[in-house]
1. What are the ³J(HN,Hα) couplings of segment 37-49, residue after residue, when phi is run through the Karplus curve with 6.51, -1.76, 1.60 and θ = phi - 60°? Round to Hz, x for glycine and proline.
2. Residue 135's amide H: which non-local residues (gap 5+, or another chain) put their own amide H closer than 5 Å, with H modeled 1.01 Å from N in plane and none for Pro or chain starts?
3. Given a 1.4 Å probe, how much area per residue of segment 89-171 is accessible, in Å²?
4. Compute the accessible area per residue over segment 40-86, keeping the other protein chains in place, probe 1.4 Å, unit Å².
5. Carbon-plus-sulfur fraction of the accessible area of segment 55-171, 1.4 Å probe, in percent?
6. Rounded to the nearest 10 Å², what accessible area does residue 130 show when all protein chains are kept and the probe is 1.4 Å?
7. With each pseudo-label sitting 7 Å past Cα toward Cβ, what's the residue 39-residue 103 distance in nm, one decimal?
8. Answer with a single label: of (1) 149; (2) 96; (3) 108, which was calculated as volume of the Cα convex hull per residue in Å³ from the structure in view?
Amino acid sequence: TEDGGQTWTELPRLNLPRLTGVKFFDPTNGIAFGECAPLAPAGVFTTRDGGNTWLPAATDYSAAWLAGDFLAADFGALAGPAGQLATFTRGKVTHSPLAASSLRSFRAMRLAAPTGGWAVGDGGLVMTTHDAGRSWQTPPADLPAFATESFDFHALAVQGSHVWVAGTPGT
């Protein structure tokens with residue numbers, strides 16, 4: 001400005017739907033996911049310029065995502081309401097034909113290189129993958145019955161062979 005004040009450059013309007021997650025792999029390459037929109041049915045968006053612009057991913061299925069994790073800028077998995085599952089490979093979201101419709105929603109996901117991972121959600125939902133999200137199974141050991149009746153898991157941490165889950169009611 002003429003008086004020596006700071007000049008602000010107006011940012012371009014980003015017409016993205018509500019997002020539930022974002023992950024960057026370096027200062028310029030990232031992925032965001034959340035609700036879908038008519039011009040972005042995948043609910044997944046990629047950036048190569050640090051988030052200044054976002055491009056919708058290709059898809060074979062329109063969906064919204066509550067959880068996701070990515071091992072690379074072009075490789076990951078997604079999970080959402082009603083048991084929805086998908087993979088993200090080479091810029092395309094592919095719905096899992098193995099996903100079973102459910103009243104429970106996934107709320108958090110962590111992939112562990114090279115092909116492992118965990119997903120958790122409502123009603124004590126806990127699933128694991130050994131093929132980077134192409135298929136999901138319940139873990140070998142069952143949770144106690146009271147866990148599936150009383151807990152909704154919303155957070156997840158994985159370190160080696162150890163997995164921690166947290167949620168409501170504050171457990």
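The values are calculated or read from the model by the stated rules, or taken from the named source; none is laboratory data. On a predicted model such as this, the values are computed, not experimentally measured, just so you know. Glycine also receives a Cβ, built like all others from the backbone with ideal geometry; neighbour counts cover every protein chain displayed. Side chains included, ligands, DNA and RNA excluded: accessible areas come from the protein's heavy atoms. Shrake-Rupley method; radii C 1.70, N 1.55, O 1.52, S 1.80 Å.
1. Along segment 37-49, the couplings run 9, x, 8, 9, x, 6, x, 10, 9, 10, 10, 10, 10 Hz.
2. When sequence neighbours closer than 5 places are left aside, the close amide H contacts are 130.
3. 58
4. For segment 40-86, the per-residue accessible area is 36 Å².
5. Result for segment 55-171: 59 percent of the exposed heavy-atom area is carbon or sulfur.
6. Surface accessible to solvent at residue 130 totals approximately 130 Å².
7. 3.9
8. (1)
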